[in-house]
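Student: First, the structure itself, so that you have it in front of you.
The values are calculated or read from the model by the stated rules, or taken from the named source; none is laboratory data. Just so you know, these numbers come straight off a predicted model, no measurement behind them. Virtual Cβ from ideal backbone geometry, glycine too; neighbours counted across all protein chains shown. Accessible surface is based on the protein model in full, side chains and every heavy atom, while ligands, DNA and RNA are left aside. Shrake-Rupley method; radii C 1.70, N 1.55, O 1.52, S 1.80 Å.
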Amino acid sequence: MNENQRLEGQQVQTENSSDKKSSKDYSKYFETVYTAPSLKDAKKRGKEEVKYHKDFDIPEEFLGMGEGRKFYIRTYGCQMNEHDTEVMAGIFLGLGYEPTDSVEDANVILLNTCAIRENAENKVFGELGHLKHLKREKPDLLLGVCGCMSQEESVVNKILKTYNQVDMIFGTHNIHRLPNILQEAYMSKEMVVEVWSKEGDVIENLPKVRRGNIKAWVNIMYGCDKFCTYCIVPYTRGKERSRRPEDIIQEVRQLAAHGYQEITLLGQNVNAYGKDFTDFEYGLGDLMDEMRKIDIPRVRFTTSHPRDFDDHLIEVLAKGGNLMDHIHLPVQSGSTDVLKIMARKYTREQYLELVRKIKAAIPNVTLTTDIIVGYPNETDEQFEETLSLVREVGYESAYTFIYSPREGTPAAKMQDNVPMEVKKERLQRLNALVNEQSAQSMKKYQDQIVEVLVEGESKNNPDVLAGYTSKMKLVNFVGPKSAIGKIVKVKITNAKTWSLNGEMVEENEPVEVK
Ligand code: SAH
Ligand code: SF4
Ligand code: F3S
């Protein structure tokens, strides 16, 4: 962290503290640190240039803070949050803490939260309730809430009022401040709240403890400027900021050198990668072209916004090699009218045209998607258009959701005439169709040979190994433990709706891979 950031943090803190005095007075809750989130500020998109900090060091005064202490982090939400957890775990280790997988054993517990739908938030409030007894039994335990929920004013206020077992709340923009926040929490009897509404700079070389040594996530950009009318992410993650290509390439090269087999490039809308660079023209297509040259077997990216999916990217993906033939392309709805009020900025026809182009360039491509049903005032006809689009594209799987109003978003203010019963019925019909298409797509693998990146033992049966194909099909198969971490050939013996069963093929057997 540089001095500017430190100053910026303090300024916000003072402003917010005095603001609060004129509205609600929470001052008794935060004698030490109080930097509150504001949705209004989070919505702003300033023109100021993003600053890049190439180095991060844990300040010397905090080293050793974790001696004899253990940390536990529970993660909710998307891969971005999972990856943030890897960074926080890296900082904990740097401070001398040890990891534990038991909450009872931990001296610090963090809940890294997700705000995308109401039920994601309810899980966290439920968990805070469960953890209350631990605080009573172990008064020196620190309990923290971080991640996307912390960026919401209403959540912070609710925690301040009703969950006094919480010791610290911090957000998505200041995880690098974890050492300072922990220190404050140890020193203070009050709840420490440090949430920045304005995104911070891009900080490179944060420490990380990756989950496993086979697959890795690599952030390529932060934030989202799309402001789809239902979505909280642009408020919780700030404006779009791309990492410099040289930093990404270096990180992926290092992962390859360490033997990683697969990397997934992460961003809320990876297709907007590079659009914020003011000094040169560079996009996701250019970055993927660089990825092809790196000696790592598999490269993926998620998530794509259809609007920014350009021809150059399609052209590069069509070159194949280590670029996987699976694209997750969230559509949200098959109705142009619904897409319009969602502010997705494409029509049904434009989406289908993009799919046509992708299929023409990559004939073997697998497409998957995200869909929201029961958007405010969605009609039966509009829902039918979603079903027909699912058939037309031929998605092999989909994440499907009932619309959940998010406070502060434009859609949350809309009147909604669709009863919950109808929404549930639509979700069931959609899921039935998606299941049918998934089962259909699996059938073609019966008796075929596929290549599987073996991740480990199957969750349900330690005698069976599990891994994924290039198209993200889960394969459970019989094979030697020495196959873990490698890409092996598996013959499919039983194709089910969501997974494939098979047997490993001997290494020197000549086979044709599907
Ligand atoms: N950046 C990603 C989306 C991340 S959120 C993208 O644009 O593809 C993952 C999915 O959650 C979204 O694609 C959407 O289908 C769903 N989602 C987001 N907000 C939602 C809400 N308010 N209610 C229900 N589903 C929502
Ligand atoms: Fe949310 Fe839309 Fe941004 Fe995805 S692109 S994170 S759905 S606002
Ligand atoms: Fe959830 Fe935040 Fe990801 S809201 S989906 S954890 S970006």
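Student: Is there a residue being touching a Ser or Thr at 6+ places or on another chain (Cβ under 7 Å), open to solvent by 60 Å² or more (accessible area, probe 1.4 Å) and in a loop (DSSP other than H, G, I, E, B) anywhere in segment 476-485? Walk me through how you get there before you give the answer.
Tutor: Initial filter on segment 476-485 (touching a Ser or Thr at 6+ places or on another chain (Cβ under 7 Å)): 476.
Imposing the further condition that a residue be open to solvent by 60 Å² or more (accessible area, probe 1.4 Å) reduces the set to none.
No.
Student: Taking the condition under 22 Å from the mean Cα position of the chain (by Cα), open to solvent by 10 Å² or more (accessible area, probe 1.4 Å) and either closer than 21 Å to A398 by Cα or among the small types (G, A, S) (or both), does D276 pass?
Tutor: Working: under 22 Å from the mean Cα position of the chain (by Cα): yes; open to solvent by 10 Å² or more (accessible area, probe 1.4 Å): yes; either closer than 21 Å to A398 by Cα or among the small types (G, A, S) (or both): no.
No.
Student: Moving on. For segment 122-149, what are the residues that are more than 20 Å from Q183 (Cβ to Cβ), open to solvent by less than 60 Å² (accessible area, probe 1.4 Å) and away from ligand 2 (no atom under 16 Å from the Cβ)? I'd like the intermediate steps shown before the answer.
Tutor: Taking segment 122-149 first, the residues more than 20 Å from Q183 (Cβ to Cβ) are 122-134, 136-137, 147-149.
Add one more test, that the residue is open to solvent by less than 60 Å² (accessible area, probe 1.4 Å), and what stays is 124-129, 131, 134, 147-149.
Once the filter is applied, which keeps residues that are more than 20 Å from Q183 (Cβ to Cβ), open to solvent by less than 60 Å² (accessible area, probe 1.4 Å) and away from ligand 2 (no atom under 16 Å from the Cβ), segment 122-149 yields V124, F125, G126, E127, L128, G129, L131, L134.
Student: Test L287 against the criterion of being farther than 21 Å from E48 by Cα, within 12 Å of ligand 1 (Cβ to nearest atom) and open to solvent by less than 10 Å² (accessible area, probe 1.4 Å), and give yes or no.
Tutor: Numbers: farther than 21 Å from E48 by Cα: yes; within 12 Å of ligand 1 (Cβ to nearest atom): no; open to solvent by less than 10 Å² (accessible area, probe 1.4 Å): yes.
For L287, the condition - farther than 21 Å from E48 by Cα, within 12 Å of ligand 1 (Cβ to nearest atom) and open to solvent by less than 10 Å² (accessible area, probe 1.4 Å) - is not met.
Student: Before we move on, is D416 open to solvent by 10 Å² or more (accessible area, probe 1.4 Å), within 16 Å of ligand 1 (Cβ to nearest atom) and assigned by TED's automatic domain parsing to the domain that holds D225? Please lay out each step first, then the result.
Tutor: Details: open to solvent by 10 Å² or more (accessible area, probe 1.4 Å): yes; within 16 Å of ligand 1 (Cβ to nearest atom): yes; assigned by TED's automatic domain parsing to the domain that holds D225: yes.
In short, yes.
Student: State yes or no: is Q437 open to solvent by less than 70 Å² (accessible area, probe 1.4 Å), more than 16 Å from ligand 2 (Cβ to nearest atom) and polar (S, T, N, Q)? So that I can check it myself, show each step before the final result.
Tutor: On the way: open to solvent by less than 70 Å² (accessible area, probe 1.4 Å): yes; more than 16 Å from ligand 2 (Cβ to nearest atom): yes; polar (S, T, N, Q): yes.
The answer is yes for Q437.
Student: On the given criteria, is N81 touching a Ser or Thr at 6+ places or on another chain (Cβ under 9 Å), within 16 Å of ligand 3 (Cβ to nearest atom), farther than 14 Å from L178 by Cβ and not β-branched (V, I, T)? It would help to see each step written out before you state the result.
Tutor: Values: touching a Ser or Thr at 6+ places or on another chain (Cβ under 9 Å): yes; within 16 Å of ligand 3 (Cβ to nearest atom): yes; farther than 14 Å from L178 by Cβ: yes; not β-branched (V, I, T): yes.
Yes.
Student: So Q440 fits all but one of (1) assigned to a loop (DSSP other than H, G, I, E, B); (2) within 26 Å of F301 (Cα to Cα); what number is the exception?
Tutor: (1)
Student: For residues that are within 16 Å of ligand 3 (Cβ to nearest atom) and either at pLDDT 95 or above or out of contact with any Cys (no Cβ under 8 Å at 6 or more places or on another chain) (or both), scanning just segment 269-300, find the one that is nearest to G320 (Cα to Cα). Explain how you work it out, then say what you get.
Tutor: Within segment 269-300, the subset within 16 Å of ligand 3 (Cβ to nearest atom) is 269-270, 272.
Filter once more, keeping what is either at pLDDT 95 or above or out of contact with any Cys (no Cβ under 8 Å at 6 or more places or on another chain) (or both): 270, 272.
Working: V270: 19, A272: 21 Å.
That would be V270.
Student: Among the listed residues L265, L182, identify the single one that is within 16 Å of ligand 1 (Cβ to nearest atom) and in contact with a strand residue (DSSP E or B) (Cβ under 8 Å, 6 or more places away or on another chain). Before you say what the answer is, go through the steps one by one.
Tutor: On the way: L182 fails: within 16 Å of ligand 1 (Cβ to nearest atom).
From the options L265, L182, the qualifying one is L265.
Student: Could you identify the single residue in G90, G147, G77 that is in contact with a Leu (Cβ under 9 Å, 6 or more places away or on another chain) and on the phi > 0 side of the Ramachandran plot?
Tutor: Among G90, G147, G77, only G147 is in contact with a Leu (Cβ under 9 Å, 6 or more places away or on another chain) and on the phi > 0 side of the Ramachandran plot.
Student: Take segment 254-268 and flag every residue that is within 16 Å of ligand 2 (Cβ to nearest atom) and polar (S, T, N, Q). Step through it out loud before you land on a result.
Tutor: Filtering segment 254-268 down to residues within 16 Å of ligand 2 (Cβ to nearest atom) leaves 265-268.
The one that is within 16 Å of ligand 2 (Cβ to nearest atom) and polar (S, T, N, Q): Q268.
Student: Which pairs do you get when a residue that is open to solvent by 30 Å² or more (accessible area, probe 1.4 Å), found in segment 359-374, comes within reach of a residue that is assigned to a loop (DSSP other than H, G, I, E, B) and away from ligand 1 (no atom under 16 Å from the Cβ), reach meaning Cβ atoms under 7 angstrom, with the pair 6+ apart or on two chains?
Tutor: Final answer for the pair search is K359/V365; A361/A318; N364/D325.
Student: Shifting gears a bit: Is it true that N271 is of a type outside the set (V, I, T), within 15 Å of ligand 2 (Cβ to nearest atom), touching a residue at least 24 places away in the same chain (Cβ under 8 Å) and more than 30 Å from K340 (Cβ to Cβ)?
Tutor: On the way: of a type outside the set (V, I, T): yes; within 15 Å of ligand 2 (Cβ to nearest atom): yes; touching a residue at least 24 places away in the same chain (Cβ under 8 Å): yes; more than 30 Å from K340 (Cβ to Cβ): no.
When the stated conditions are applied, N271 does not pass them.
Student: May I pose another question? Mind listing just one residue for me: the one in segment 87-112 that is assigned to a strand (DSSP E or B) and free of Cβ contacts under 8 Å to residues at least 40 places away in the same chain and, of those, farthest from ligand 2 (Cβ to nearest atom)?
Tutor: First pass over segment 87-112, keeping only residues assigned to a strand (DSSP E or B): 98-99, 108-112.
Next, only the ones that are free of Cβ contacts under 8 Å to residues at least 40 places away in the same chain stay: 98, 109-112.
Values: E98: 35, I109: 28, L110: 23, L111: 21, N112: 18 Å.
Checked segment 87-112; the qualifying residue farthest from ligand 2 (Cβ to nearest atom) is E98.
Student: Something else: Residue pairs, Cβ under 7 Å, 6 or more apart or interchain, first in segment 277-299 and farther than 27 Å from G259 by Cβ, second outside any helix (DSSP H, G or I) and open to solvent by 50 Å² or more (accessible area, probe 1.4 Å). List them.
Tutor: Short answer, once both residue conditions are applied: T278/E49; G283/D310; G285/D310.
Student: Taking D84 as meeting all but one of (1) acidic (D, E); (2) surrounded by 20 or more Cβ atoms within 10 Å (Cβ to Cβ); (3) free of Cβ contacts under 8 Å to residues at least 60 places away in the same chain, write down the number of the exception.
Tutor: Result: D84 passes all but (3).
Student: Looking at segment 66-79, I want the residues that are open to solvent by less than 30 Å² (accessible area, probe 1.4 Å) and have a partner that is modelled with pLDDT under 95 and outside any loop (DSSP other than H, G, I, E, B) with Cβ atoms under 8 Å, at least 6 apart or on another chain. Which pairs are those?
Tutor: Pairs found: none.
Student: Answer yes if at least one residue in segment 76-84 is under 29 Å from F277 (Cα atoms) and among the charged types (D, E, K, R), and no otherwise. Before the answer, list the steps.
Tutor: Let us first name the residues in segment 76-84 that are under 29 Å from F277 (Cα atoms), namely 77-84.
Cutting the leftovers down to among the charged types (D, E, K, R) gives us 82, 84.
There is at least one residue in segment 76-84 that is under 29 Å from F277 (Cα atoms) and among the charged types (D, E, K, R).
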